Amino acid sequence: MAAREFRVADEYTYDRRTAVRWIASHVLRYPWLIGGFALATACLTGMASMVPVLTGRTFDAVLHGADGRQILLLTLAVFGVRTAQALFALVNNFGAETLAQRVQRDARDELYVSLLGKSQTFHNRQRVGDVMARATNDVQQLGPMINPGMRLMSNAILNVVMPLIAISTINPQLLLVPVLFLVSFVIALWRFNRELRPVAGAQRAQFGLLNASLAERISGIEVVKGNAQEPREEARFRANARAYRDAFVRQGHVEARYLPVLIFGIGLGLAFGHGMLLYLNGAATVGQVVSFIGLYYVVREPSYFSLYTFELMQLGTASGNRVLELLRAETELDENRGGVTQPIRGEIAFEHVTFGYGPEPILHDVSFHANPGETVAIVGQTGSGKSTLTQLVQRIYDVQEGRVLVDGVDVREWSMESLRSQIAAIEQDVFLFSRTIRENIAFGAGGRATQEQVEAAARAAQAHDFIARLPNGYETVVGERGFTLSGGQRQRIAIARAFLTDPRILILDDSTSAIDSATEDQIQRALRGILQGRTTLLITHRIAQIRWADRILVMRRGQLVAQGTHEELIATSDAYRRIFAHGEPTDAPPEVAHAR
């Protein structure tokens, strides 16, 4: 089984070797729906062929002087067949639509679970807009593929087979033209399908590109407006939209060369001529010729609807391939469900850790040890690997060399859920969901927190007062990413969210950078009480926070160049003295730092 960070316990196993197999495995989850749909389709198409046969018999009965009772019975038979055909059409449509919606729902669930299980490295490589296009539009395309696509295709196949069977029972000599039509029809469909497949794939890919570009520009609208780049971005979007339009035009060129309708028209003329020739030679009755032409007309529906059907089938298959690309994408980390699940005490150790996002390492041979309950400050210039170091503790990424230990156990041996549920991280770029403030604070507790617990966490984070002043208090819905709040308000809500989870290891990544000095002093007092008994990794540029740390790590260009207490580093580390003397990390040489 492929590595994944998350999976559901009763997950259904799908065949992901090809898009057709994957879609088929979704469909086969509902055999009773398939059975009912297949039975209704067979009855529906069978009755469609019965009507011309009964009509032909009625003609012969009238021409041979049958009594009114016989003609009445034939008329009632036609009426009964048409009524039953309408009822089976309802069952056919209901079964196909139910199956389509369930497959669409299951595919979307499967994709979402798969995305939850992908590593951070995978998500860093993806364009959000393209992922959204696959999760919404491409998955949605599977529904029309089944209904009306698969429904019309199954009807089309049986609407060719059933008339041929009926014609063979009426007069085998009449089969000549229908068989020639069938051979020509299959060849024309094969050619059309071969030309349409790459066009449909390109259309779906171009839609993903268009959607990704749009999402990226909307997310970065502040940058676009701040640099007055609206005309340039409009031109780029127009180019993408034009390419998407061109994909539809290419599809139109292929569909314009659709030959089965022409073949049907030619075949109809030949069928009529062949039937009349047999009648004139005494080899067929008038009723048989009428039935024959009526049965040949049943083939008209497959000829006309195959164009629409194959378009839906090819678009569905192309969409399935795009969804499968995400489902089959390999991820580096596994949830390790059978791993260690014990409560964390908070001991952290790095043993000769080397790590990089690509071929170039970000961290080089880093080793340190933090005892349970210690506060460890991490300082250094921008890009020195401070945030990367903390992400290795959470196992957002796996080390390339060395080991990261929590309570003496390699993080790779922990159950990922157990490890991460006992670690809370508050980053400078706070993310809030477009939900109520109460739901955002209670998020890490899995929605199990009471209102009293939520308010207590907010008070500890110095957030309760400003929340209480909002129009709806804790039920106020924040905008997407929390942009309706100030930076300091967002950070305090994030801190409250972390407090509520009662973590054993707390990571603070410059989490008070957007808070004014007065509020920061209040939060610092709250932090000192709450951090008792918790191991804390503190990334900060603020001297006041660095000084009361139990241990300080000094990072420079991905290397740990010094560690110790504030007093020890002041006495032994030039790099730390420069940081402390100027109030911020710097990578300047000593003479430049002193000159400033």
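Quick notes on this one:
- The chymotrypsin sites (Phe, Trp or Tyr not before Pro) of segment 365-467 that meet both conditions, a loop assignment by DSSP and at most 15 other Cβ atoms within 10 Å of the site Cβ, are Phe431, Phe433.
- Label-reachable residues, segment 136-167, where backbone N falls under 20 Å from a point 7 Å from Tyr112's Cα toward its Cβ: 136-144
- Three-way shape label, segment 31-106, alpha-carbon gyration tensor, a/c 1.5: prolate
- Per-residue ellipticity at 222 nm from helix content only, as computed over the chain with -39500 (n - 2.57) for each DSSP H run of at least four residues, stands at -19500 deg cm²/dmol.
- With distances taken between every two different alpha-carbon atoms, segment 168-252 has a Kirkwood hydrodynamic radius of 16.7 Å.
- Those GluC sites (Glu not before Pro) in segment 360-417 that DSSP places in a loop and that have at most 12 other beta carbons within 10 Å: none
- Accessible area in the full protein assembly, largest first, 1.4 Å probe, for Met47, Met416: Met47, Met416
- Simple Cβ-charge dipole of the chain, Lys/Arg +1 and Asp/Glu -1, about Cα centre, in debye nearest 20: 1620 debye
- Each Lys and Arg contributes +1 and each Asp and Glu -1, all at the Cβ; summed about the Cα centre of segment 26-142, the dipole is approximately 320 debye.
- Between the listed residues Ile344, Pro359, Tyr308, the Cα displaced farthest toward the positive end of the dipole of segment 278-364, a dipole computed from Cβ unit charges relative to the Cα centre, is found at Tyr308.
- Short-range pairs are left out: with C-alpha atoms under 8 Å and at least six residues apart, the relative contact order of the chain is 15 percent.
- When only Cα pairs below 8 angstrom with a gap of at least 6 residues are kept, segment 310-373 shows a relative contact order of 25 percent.
- Helices of the chain meeting both criteria, an alpha-carbon length of 24 angstrom or more along the long axis and an average Kyte-Doolittle score not below 1.6, with helices taken as full DSSP H segments, are 260-280.
- For the pair segment 397-454 and segment 51-70, the centres of their Cα atoms are 80 angstrom apart.
- Coil-residue trypsin sites (Lys or Arg not before Pro) of segment 321-408, DSSP, other Cβ within 10 Å capped at 14: Arg337
- In this structure segment 1-124 gives 55 Å² per residue of accessible area when probed at 1.4 Å with all protein chains present.
- Its Cα centre serving as origin, segment 82-174 has a Cβ charge dipole (Lys and Arg +1, Asp and Glu -1) of approximately 120 debye.
- Alpha carbon convex hull of the chain, volume per residue in cubic angstrom: 208 Å³
The values are calculated or read from the model by the stated rules, or taken from the named source; none is laboratory data. Only a predicted model underlies this, so the values are computations on that prediction, with no experimental measurement involved. Methodologically, a virtual Cβ is constructed for each residue, glycine included, from the backbone with ideal geometry; neighbour enumeration extends over all protein chains shown. When the accessible area is computed, the model is the full protein with side chains, heavy atoms only, and any ligands, DNA or RNA have been set aside. Shrake-Rupley method; radii C 1.70, N 1.55, O 1.52, S 1.80 Å.
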